[in-house]
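A.B. asks: Let me begin by handing over the structure; questions about it come next.
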Amino acid sequence: MKNVWKRFIKRQYEYHFPAVKIPVKKTKEDYYNNKYPKKNISYKRTDRNSTLNIDVRQFLNHHNYELMEIVGVDDDEVAYESLMYVMDNIKYTPDKKQYGMNEYWCFNYETLNSKKGDCEDGAILLYSLMRKNGIPAWKIRLNAGNVKGGGGHAYLVYYVESKKKWVVLDWCYWPNTFAVDKRKEYKKETNYHDVWFSWNEDYAWSEGLNKKAEELLNS
């Protein structure tokens, strides 16, 4: 009888004093993580041992102890110094020359060891350095797409919170040494055209893989 009475009181209270749902304010992280359609994307890598379909996110492992510490007072300075490291220490080398293949993606430890690589190799290393040194994953992503002059290219974009804008941090294609907060907003860049797909360690995004993207991922 006691439990019946308690349930009655509870129902009466809930009727007269309905719970007020307080809307949860979405963060920038929530917004950018969910702005574009998520998609499972794999890269087919062939080496001397086997051919494997590797989730593109697996290339972005920042727990490699060989990744160096980057000193910076904030995320922007860490991003800048990470870019300068890659520009100063990695020599752009086409996959055809280095591996005898049209396309060969490297993990960051491979690029660190060889000190050579093409666009996505340096971008993967740059991402890894930025994450190793504390920049949140949602503020960084790699893009693959068309660029001015034709052809595909992989590059990194970074969110500058103080300016509320995304900027390009490209180590090999129109590289520059501008401070990150002084860079042109990504959407106003004229050298970078349509994006085939983007990714970071948590998600991959695409509104639809075209023929060029499929060729890149399966070459």
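A.B. asks: Could you run through region 30-57 and say how many residues are farther than 17 Å from residue 143 by Cα, assigned to a strand (DSSP E or B) and either touching a residue at least 60 places away in the same chain (Cβ under 8 Å) or among the basic types (Lys, Arg) (or both)?
C.D. replies: Count: 2.
A.B. asks: Still on this model: Of all residues in region 69-91, how many are farther than 14 Å from residue 123 by Cβ and not in a helix (DSSP H, G or I)?
C.D. replies: Counting residues in region 69-91 that are farther than 14 Å from residue 123 by Cβ and not in a helix (DSSP H, G or I) gives 7.
A.B. asks: Have a look at 159, 192, 155, 203 and point out the one that is among the aromatic types (Phe, Trp, Tyr), surrounded by fewer than 20 Cβ atoms within 10 Å (Cβ to Cβ), in contact with a strand residue (DSSP E or B) (Cβ under 7 Å, 6 or more places away or on another chain) and at pLDDT 95 or above.
C.D. replies: Matching residue, one of 159, 192, 155, 203: 203.
A.B. asks: Which numbered condition in (1) part of a loop (DSSP other than H, G, I, E, B); (2) modelled with pLDDT of 95 or more is the only one that residue 150 fails?
C.D. replies: Among (1) part of a loop (DSSP other than H, G, I, E, B); (2) modelled with pLDDT of 95 or more, the lone unmet condition for residue 150 is (2).
A.B. asks: Could you check region 115-147 and list, in sequence order, the residues that are in a loop (DSSP other than H, G, I, E, B) and farther than 19 Å from residue 197 by Cβ?
C.D. replies: Once the filter is applied, which keeps residues that are in a loop (DSSP other than H, G, I, E, B) and farther than 19 Å from residue 197 by Cβ, region 115-147 yields 115, 133, 134, 135, 136.
A.B. asks: Only residues that are over 17 Å from the mean Cα position of the chain (by Cα), β-branched (Val, Ile, Thr) and closer than 16 Å to residue 153 by Cβ: list them for region 163-219, please.
C.D. replies: Result: 190, single match.
A.B. asks: How many residues are part of a strand (DSSP E or B) and free of Cβ contacts under 8 Å to residues at least 60 places away in the same chain if we restrict to region 158-175?
C.D. replies: Final tally of qualifying residues: 4.
A.B. asks: Anything in region 92-114 that is under 20 Å from residue 216 (Cβ atoms), more than 18 Å from the chain's Cα centre (by Cα) and assigned to a helix (DSSP H, G or I)? List them, or say none.
C.D. replies: Matches in region 92-114: 95, 96, 97, 98, 99, 110.
A.B. asks: In region 58-96, what residues are touching a residue at least 60 places away in the same chain (Cβ under 8 Å), β-branched (Val, Ile, Thr) and in contact with a strand residue (DSSP E or B) (Cβ under 8 Å, 6 or more places away or on another chain)?
C.D. replies: Hit for region 58-96 is 90, nothing else.
A.B. asks: Among the residues of region 177-196, count how many are in a loop (DSSP other than H, G, I, E, B), within 20 Å of residue 74 (Cβ to Cβ) and without any contact (Cβ under 8 Å) to a residue 24 or more places away in the chain.
C.D. replies: Qualifying residue count, region 177-196: 3.
A.B. asks: Something else now. Quick check on this structure: which one of 112, 83 is farther than 21 Å from residue 176 by Cβ, surrounded by 18 or more Cβ atoms within 10 Å (Cβ to Cβ), at pLDDT 95 or above and not hydroxyl-bearing (Ser, Thr, Tyr)?
C.D. replies: The match here is 112.
The values are calculated or read from the model by the stated rules, or taken from the named source; none is laboratory data. Treat the numbers as computed from the prediction; the structure is a model and nothing was measured. Methodologically, a virtual Cβ is constructed for each residue, glycine included, from the backbone with ideal geometry; neighbour enumeration extends over all protein chains shown.
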